[in-house]
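Trainee: I'd like to ask you about the structure that follows.
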Amino acid sequence: MSDSARAWRKAREAREAREAREAREVREAREARETTGSRGTRRTRRLRPGPPRGLLHTLRRTAGRIDDATPRERDRAVDALRAFAILGVVLGHWLVTALVADGNGLHAASPLQDMPWLAPVSWAFQTLAVFFLVGGHVATRGHASARARGTSYGRWLSARLSRLFRPVAAVLTLWTVTAALLLLTGAEFVTVHTLVKLALSPLWFLLVFAALTAMTPLLTRLHPLWPLVVVLHVDLLRFGFDAPSWLGWINLAAGWLVPYTLGAAWTRGELDRRRAGWVLLAGGTTATAALVAWAGYPASMVGVPGAAVSNLNPPTLAAVTFGLAQCGLALLLRERLRRTMRRPVAWAAVAVVNLSAMTIFLWHQTALMATTATGLLAGRLPGLHTLPDGLDWVAARLLWLPVFALVLTGCWAAFRSHEHGGGGRRRSRVVRTHHPVHRPIHRPTERAAARPTERAAELPATTAGRRHV
């Protein structure tokens, strides 16, 4: 046996002995805690394996595995902000989107038409600016990391875009087939158009986000004031000088470029101080209030059917300043979120949402429409098929939210594999432990005995990894 082989064998044996010793110490420490009397005297009794503790114990154990498998240096606040942004959009759509059944089929409506005082709902759940803030931060940081590793721009971009568009094919296929079947069976064209439009409406976001991601190398040093000035001038021309309405679509890129470049500034370290968050929150809130009160902008931050002006389609200056306020609040919450994400259960929930972020985003409208269509078999149900014109509709819609969530869970179970490129054959797991092939696999009874630095989380590109790349 060569000297190098002997040295390698001795190092392996020493490592295995050290891990066995650490596992034993952890077991002994836990036994000491669980067998200590009220006065601190230890009773010498052997712990007997008890019956399974049920679902709660299993969930906590799984959360512990996810927590252990996550690198210590990962900024979990980034993942928490992304999860909150996705869930905010989902809940917002479920609360302000109504499909009213009448004699001619289904047509879209919004409670904000008859109850404009519900506009604050859109303030709480229109969270796309936070998603673009996090996206800009992650993309610029990931691109810098890729360059440091020698990865080409094309390879880096291909990897990022594949994560975005991989689950889109399933949505397009299902709704193409569904629309064709509905038309062939005599469904009203207006109904089919309404359903397809709602189902595919999330795709505009992916197209804009993909375009900004492709331009990341050019946007790394761009100051957010430049796209903000573009939005200001476009709105000035549209509303002040009666310029063509199509000019507003320039803001579709410029408006979301503002929070995206704020994310790049976050990567550069320019937003580390809390002062930056307070300036964005106070300045954005003041500007938005002034625009709504004195410049005639709508109070709702989402589109309302029949309204002359939409703050979101395309984005207006009011939507952008409101996004600045949201970004400021997100930056101020970073430290609190980091502390909260140290709890294994909280972190596991955020990790699972990030694992399936695109699946949740793309299928949440389908879950709403599937529930609505199925409910028609029982007649016109309140909060589902009725006109959203009163508080009774709001109360009924709140009761439907768990049903929407349950149907979305079914969609997630059926189509989540498309997000990770595994088809239907690969079993998707939140955490995967990788063991080097040159040493035996140890399975200690205590999860804390496993060395976190030698385990890797199979959280996808949106959630896992040693850095946000």
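Trainee: Read through the list (1) over 22 Å from residue 81 (Cα atoms); (2) outside any helix (DSSP H, G or I); (3) of a type outside the set (S, T, N, Q), then give the number of the only condition that residue 270 fails.
Mentor: (1)
Trainee: Then there is this: Check 366, 316, 359, 321 and return the single one that is closer than 26 Å to residue 116 by Cβ, of a type in the set (Ser, Thr, Tyr) and touching a residue at least 40 places away in the same chain (Cβ under 8 Å).
Mentor: 316
Trainee: Another question, then. Taking the condition over 22 Å from residue 97 (Cβ atoms) and open to solvent by 40 Å² or more (accessible area, probe 1.4 Å), does residue 186 pass?
Mentor: Answer is yes for this residue.
Trainee: When only residues in segment 174-199 that are polar (S, T, N, Q) and in a helix (DSSP H, G or I) count, which is farthest from residue 106 (Cα to Cα)?
Mentor: For segment 174-199, the residue satisfying everything is 176.
Trainee: Pick out the one residue from 180, 214, 170, 199 that is closer than 28 Å to residue 132 by Cβ and surrounded by fewer than 16 Cβ atoms within 10 Å (Cβ to Cβ).
Mentor: 214
Trainee: Restricting the search to segment 349-398, which residues are buried (at least 20 other Cβ atoms within 10 Å of the Cβ) and in a loop (DSSP other than H, G, I, E, B)?
Mentor: 356, 384, 388
Trainee: Go through (1) within 30 Å of residue 291 (Cα to Cα); (2) surrounded by fewer than 23 Cβ atoms within 10 Å (Cβ to Cβ); (3) hydrophobic (A, V, I, L, M, F, W, C); (4) at pLDDT 95 or above for residue 312 and report which single condition fails.
Mentor: (4)
Trainee: Give me a count of the residues in segment 236-288 that are charged (D, E, K, R) and either in contact with a strand residue (DSSP E or B) (Cβ under 9 Å, 6 or more places away or on another chain) or closer than 19 Å to residue 143 by Cβ (or both).
Mentor: Of the residues in segment 236-288, 2 are charged (D, E, K, R) and either in contact with a strand residue (DSSP E or B) (Cβ under 9 Å, 6 or more places away or on another chain) or closer than 19 Å to residue 143 by Cβ (or both).
Trainee: Something else now. Within segment 399-419, which residues are among the aromatic types (Phe, Trp, Tyr) and either open to solvent by 10 Å² or more (accessible area, probe 1.4 Å) or not in a helix (DSSP H, G or I) (or both)?
Mentor: Selection gives 400, 412, 415.
The values are calculated or read from the model by the stated rules, or taken from the named source; none is laboratory data. All values derive from a computational prediction rather than experimental measurement. No Cβ is skipped: glycine too gets one built from the backbone with ideal geometry, and neighbour counts run over all protein chains shown. Areas reflect the complete protein model, heavy atoms only, side chains present, ligands, DNA and RNA absent. Shrake-Rupley method; radii C 1.70, N 1.55, O 1.52, S 1.80 Å.
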